[in-house]
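S.K.: Please find one structure pasted underneath; my questions will follow.
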Amino acid sequence: MHYEETGPSDGEPVVLMHGWGCDHTTVRSIASVLDKRMRVLSVDLPGHGLSSEPNDVWGVEDFTSFVEKFISELNLGNPVLIGHSFGGRIAILLSSRRPIKKVVLIDAAGIKPKRGLGYYRKIYFFKAIKKSVRIIYGKEKGERIIDKWRSKKGSADYRNSSPVMRAVMSKCVNEDLKHVMPKIKASTLLMWGENDTATPLSDAKTMECLIPDAGLVAFPDCGHYCFLDNPIGFRAVIAEFLKKELNPKSYD
């Protein structure tokens with residue numbers, strides 16, 4: 001796994017995790033808020049940036065175990081976890097099962113979206129088409145045809161992913177983490193764009209209710225990348241939340 005380390009080596013460690021289809025450079029502006037005083041490790045999650053793809057179809061558990069091993073290998077102890085979007089999924093699961101200093105979830109995924117009847121009609125239709133294509137063209141050629149069709153019909157994140165990462169994305173998107181949120185003991189800051197359509201504000205409000213020590217800050221006129229849409233407001237809020245970690249001598 002590739003990662004970028006910035007800040008003093010003796011600073012409070014922070015593991016910074018980007019969203020799906022991005023890499024550590026996407027969240028570099030967040031690192032720049034913290035790395036004057038904190039040791040920031042901005043990772044390229046497997047299958048993103050300069051990190052290699054998984055050999056199998058990973059779920060959230062696999063990504064989380066991988067990051068957990070990364071933390072252990074570097075002897076980071078109980079770091080601060082910051083996760084945007086997909087990175088938030090990992091931060092949620094990881095902080096639910098081991099001691100973590102603090103958690104920051106930014107427009108985080110982790111709640112399975114509510115889907116109407118139309119969605120399931122499409123799913124069943126697609127399953128029927130897949131079965132028919134495999135029968136008509138054979139398994140190998142049929143899979144190529146199906147993958148080509150998926151690449152045209154899927155979301156931008158899906159279309160831009162490799163076949164392995166498409167399967168990984170499909171698996172992770174359907175995992176709901178609400179059941180582990182009450183187990184998070186660390187103080188948790190939720191930072192959200194009010195106009196986020198990828199992970200709506202209602203998700204953040206659900207997380208605020210389920211995570212015992214959580215507080216929500218929602219930014220007006222911001223979308224799924226609230227840290228880019230309102231950088232000044234974002235910097236002020238996260239610096240306030242992490243003020244003890246940024247200025248430890250003031251609290252000695």
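The values are calculated or read from the model by the stated rules, or taken from the named source; none is laboratory data. Worth saying up front: this structure is predicted, and the values here are computed from it rather than measured. Cβ coordinates were reconstructed from backbone atoms using ideal geometry, including for glycine residues, and neighbour counts include every protein chain displayed. Keep in mind that these areas ignore ligands, DNA and RNA; they rest on the heavy atoms of the full protein, side chains included. Shrake-Rupley method; radii C 1.70, N 1.55, O 1.52, S 1.80 Å.
S.K.: So ARG89 ticks every box in (1) touching a residue at least 60 places away in the same chain (Cβ under 8 Å); (2) open to solvent by 20 Å² or more (accessible area, probe 1.4 Å); (3) among the basic types (Lys, Arg) but one. Which box is left unticked?
M.R.: (2)
S.K.: Next question. Considering only region 209-221, state which residues are within 22 Å of ARG235 (Cβ to Cβ) and open to solvent by 70 Å² or more (accessible area, probe 1.4 Å).
M.R.: If the condition is that a residue be within 22 Å of ARG235 (Cβ to Cβ) and open to solvent by 70 Å² or more (accessible area, probe 1.4 Å), then PRO220, ASP221 are the ones that fit.
S.K.: Taking helices (runs of 4 or more DSSP H) that fall entirely within region 167-247, which contain at least 3 residues that are closer than 24 Å to LYS112 by Cβ?
M.R.: Ranges flagged: 201-210.
S.K.: Check ASP62, ASP23 and return the single one that is in a helix (DSSP H, G or I) and open to solvent by 10 Å² or more (accessible area, probe 1.4 Å).
M.R.: Details: ASP23 fails: in a helix (DSSP H, G or I).
From the options ASP62, ASP23, the qualifying one is ASP62.
S.K.: Name the residues in region 233-251 that are over 19 Å from PRO8 (Cα atoms) and open to solvent by 50 Å² or more (accessible area, probe 1.4 Å), would you?
M.R.: Scanning region 233-251 gives ARG235, ALA236, GLU240.
S.K.: While we're here: Please state which one of ARG37, ARG97 is open to solvent by 40 Å² or more (accessible area, probe 1.4 Å), within 23 Å of ALA239 (Cα to Cα) and either of a type in the set (Lys, Arg) or in contact with a Cys (Cβ under 9 Å, 6 or more places away or on another chain) (or both).
M.R.: Unique residue meeting the criteria: ARG37.
S.K.: Would you mind stating whether ASN230 is open to solvent by less than 70 Å² (accessible area, probe 1.4 Å), out of contact with any strand residue (DSSP E or B) (no Cβ under 7 Å at 6 or more places or on another chain) and over 19 Å from GLY87 (Cα atoms)? Please lay out each step first, then the result.
M.R.: Numbers: open to solvent by less than 70 Å² (accessible area, probe 1.4 Å): yes; out of contact with any strand residue (DSSP E or B) (no Cβ under 7 Å at 6 or more places or on another chain): no; over 19 Å from GLY87 (Cα atoms): yes.
When the stated conditions are applied, ASN230 does not pass them.
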